[in-house]
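Participant: Have a look at this one before I ask anything.
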Amino acid sequence: MDTYMITVSFFILLVGLCFGSFLNVVVLRAFSGESISYPASKCPVCQKPLYWWHNIPLLSYILLRGKCYFCKTHISWQYPLVEAITAILFLLAFLKIGMSMYLIFIWAVIFMSLVLAVTDIKEHVVFLMHCLIFGLIGLIYHAGATGIMALNGTEMTWLQNPLSNSILGVLLGGLIMLVYFGVSYVMAGGRMAMGDGDIYIAMALGACFGWEKIWIIIIMGFLIQALITGVIFEYRLFQEKNYKLFGGILAVAILALGYWLSNKAGLFEENALYLLGYTIALIGTAIYVCRQLFGKVLGSKTEGLAVPFGPALVIAGFVMIFFPFAA
Ligand SMILES: [Zn+2]
């Protein structure tokens, strides 16, 4: 990296921190129902309006040592964390994309994704207004892109143009989630197993990523949710000293990873006995885990384990943005 890139990167980190600070305001005021521009920020506990130097992202938290200047109430570490994550994602997007209109669009996608994830994680709420704004960002950007392509005389069929890709993304995202909604409703015996907010998040992501990518994002979302749930479940088993099940699940995970790697390396093709042995070991461990799982643990220890799907979808969107296979 040359001096120019370092300077620009530093500047983008500062911009990202400011947007992260604004993001905290957007989330807080969505809960309190206040406007995002007025009134001035105040301490949620003592209600005293903050001084200007209480509002500097990251720095204020350090200067105030994580406490309100007036009443000394602890300020949640979530605020500086959200600011830092926003800044880092803004910078990563710049390093991947470079300065362009597309970068501004992706920054908006990152911003709205984080707004949805933070409100969902904090209070298990998805605001329809946030999803609407998120979806509109996608539709407007792709309408603009279609307009520019038309002006340049780019030949495209109706299916190839970015706007119809975006509209179909909204429909496909909504449809997949609606089917999932229905299936989980029936499987949970007529109880709501998920919130309708997840449908709106999928539709908004569909507007931003288009129909060709939204179904991949949703599938990745399921995998990420399963992974997060699994890790939390393992952590609880460890805390409860249920080492049999903890070890069993860990063994299945490691064996499954080894299976995938061996298959990729072509080890199975060369050695059928290895494949047979490995398969038996994997299935055997899996059966052991299932017997442990359904024998005593399930039912009592799984309550409250449901990880909200919204944040998993958002993470899948980030994977789509940052991984090499994404455009
Ligand atoms: Zn205070």
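Participant: Do you know which of the residues in segment 56-98 that are surrounded by fewer than 16 Cβ atoms within 10 Å (Cβ to Cβ) and in contact (Cβ under 8 Å) with a residue 60 or more places away in the chain is farthest from the ligand (Cβ to nearest atom)?
Facilitator: Ranking the qualifying residues of segment 56-98, first place goes to Lys96.
Participant: Please find, among Tyr61, Tyr69, the residue that is in contact with an Asp or Glu (Cβ under 9 Å, 6 or more places away or on another chain) and either over 30 Å from His142 (Cβ atoms) or of a type in the set (Phe, Trp, Tyr) (or both).
Facilitator: One residue alone meets the criteria, Tyr61.
Participant: Considering only segment 111-130, I want to know if a residue exists there that is closer than 30 Å to Asp196 by Cβ, buried (at least 16 other Cβ atoms within 10 Å of the Cβ) and assigned by TED's automatic domain parsing to the domain that holds Ser32.
Facilitator: Looking for residues that are closer than 30 Å to Asp196 by Cβ, buried (at least 16 other Cβ atoms within 10 Å of the Cβ) and assigned by TED's automatic domain parsing to the domain that holds Ser32, one finds none in segment 111-130, hence no.
Participant: In segment 259-289, which residue that is surrounded by 12 or more Cβ atoms within 10 Å (Cβ to Cβ) and within 17 Å of Leu227 (Cα to Cα) is modelled with the highest pLDDT?
Facilitator: Ala286
To keep it simple, each residue is scored yes or no on (1) modelled with pLDDT of 90 or more; (2) within 21 Å of Val126 (Cα to Cα).
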residue: Leu168; (1), (2): yes, no
residue: Ser184; (1), (2): no, yes
residue: Met192; (1), (2): no, yes
residue: Ile199; (1), (2): yes, yes
residue: Gly206; (1), (2): yes, yes
residue: Gly210; (1), (2): yes, no
residue: Ile216; (1), (2): yes, no
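Participant: Could you look through segment 40-54, keep only residues that are assigned to a helix (DSSP H, G or I) and in contact with a helix residue (DSSP H, G or I) (Cβ under 8 Å, 6 or more places away or on another chain), and pick out the one that is nearest to Ala117 (Cα to Cα)? Steps first, please.
Facilitator: First pass over segment 40-54, keeping only residues assigned to a helix (DSSP H, G or I): 52-54.
From what is left, the residues that are in contact with a helix residue (DSSP H, G or I) (Cβ under 8 Å, 6 or more places away or on another chain) are 53-54.
Numbers: Trp53: 28, His54: 25 Å.
Per the criteria, the residue is His54.
Participant: Can you name the residue in segment 43-55 that is under 22 Å from Thr86 (Cα atoms) and in contact with a Ser or Thr (Cβ under 8 Å, 6 or more places away or on another chain) and, of all such residues, is nearest to the ligand (Cβ to nearest atom)?
Facilitator: The selected residue is His54.
Participant: Anything in segment 185-217 that is over 16 Å from Cys131 (Cα atoms) and surrounded by 14 or more Cβ atoms within 10 Å (Cβ to Cβ)? List them, or say none.
Facilitator: Residues satisfying the conditions are Tyr185, Ala193, Met194, Trp211, Lys213, Trp215, Ile216, Ile217.
Participant: Additional query: Please state which of the following conditions Gly20 fails to meet, knowing it meets all the rest: (1) small (Gly, Ala, Ser); (2) at pLDDT 90 or above; (3) within 16 Å of the ligand (Cβ to nearest atom).
Facilitator: (3)
Participant: Count, please, the residues in segment 99-131 that happen to be within 20 Å of Ile36 (Cβ to Cβ) and without any contact (Cβ under 8 Å) to a residue 40 or more places away in the chain.
Facilitator: So the count comes out to 2.
Participant: Within segment 25-39, does at least one residue satisfy the condition of being outside any helix (DSSP H, G or I) and within 16 Å of the ligand (Cβ to nearest atom)? Break it down into steps so the answer makes sense when it comes.
Facilitator: Let us first name the residues in segment 25-39 that are outside any helix (DSSP H, G or I), namely 33-39.
Next, from what is left, pick out any that are within 16 Å of the ligand (Cβ to nearest atom): 39.
Yes, segment 25-39 contains a residue that is outside any helix (DSSP H, G or I) and within 16 Å of the ligand (Cβ to nearest atom).
One line per residue, one yes/no per condition, for (1) assigned to a loop (DSSP other than H, G, I, E, B); (2) over 30 Å from Gly147 (Cα atoms):
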| site | (1), (2) |
| --- | --- |
| Leu14 | no, yes |
| Ser60 | no, yes |
| Cys71 | yes, yes |
| Phe94 | no, no |
| Phe105 | no, no |
| Phe111 | no, no |
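The values are calculated or read from the model by the stated rules, or taken from the named source; none is laboratory data. Remember, predicted model here, so these are calculated numbers, not experimental data. Here Cβ is always computed from backbone atoms with ideal geometry, including for glycine, and neighbour counts include all displayed protein chains.
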